Amino acid sequence: MSQSPDTSARPPRLWRIVLAVSLALNLAVAGLALGAVVKHRHEGTDRSAPRFGPFSDALDHQDRAALRGAFRAALPDFRDERAAIRAELAEVLPILRAEPFDRGALAAAMDRMGQRTAERLAKGQALMLDHIAAMTPEARASFADRLEQALERRGAGDRGDRGDGD
């Protein structure tokens, strides 16, 4: 008795291929959608520019671009500075893991990082101040309106007004 090939095995294999291709396409579409959401959420942000909370939020696109250019001109070695910050953080890891713990070594490392951050903040604040001082009265008023809106969005607009007379 000769056995005939079992043709019933082909449809399930075909269906597995179809399902695998369908799953791959669905994952690709989901990945594109997620990428679009993430890009939209971070659109307009620039990690190379300084951030000053609601002041940065109140800048319009042109102001943000002008400040970004000024910041890059003032700190042309910004990428090197980021690498130095990463190196400082890497130096902290052995300090944290050491036994006995050396509080003084950690304090010194944190002081160095704080000093670097304070220097960058001071440069950024000076650039922001120069930019605002150069605005026309109308542009400054518009900036103030956007700043007020940013404060309201953040919930910071009413923090100082508790209604208790203080």
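Just so you know, all these numbers are worked out from the coordinates, no wet-lab data involved. This structure is a prediction, so every number in the text was calculated from the model and none was measured. Cβ: placed from backbone, ideal geometry, glycine included. Neighbour counts: every protein chain shown.
Remarks
- Residue (of His61, Thr117, Ile85) at the positive-pole extreme of the range 61-140, dipole from beta-carbon charges: His61
- Karplus-based coupling profile of the range 119-129, in residue order and whole Hz: 5, 5, 4, 4, 5, x, 5, 5, 5, 4, 4, with θ = phi - 60° in 6.51 cos²θ - 1.76 cosθ + 1.60 and x standing for Gly or Pro.
- Approximating the spin labels as points 7 Å out from Cα along Cα→Cβ, the Ala84-to-Arg154 distance works out to 2.7 nm.
- Computed 3J(HN,Hα) for the range 139-154, one whole-Hz value per residue from the Karplus formula 6.51 cos²θ - 1.76 cosθ + 1.60 where θ = phi - 60°, is 5, 5, 5, 5, 4, 4, 4, 5, 5, 4, 5, 5, 5, 5, 4, 7, glycine and proline marked x.
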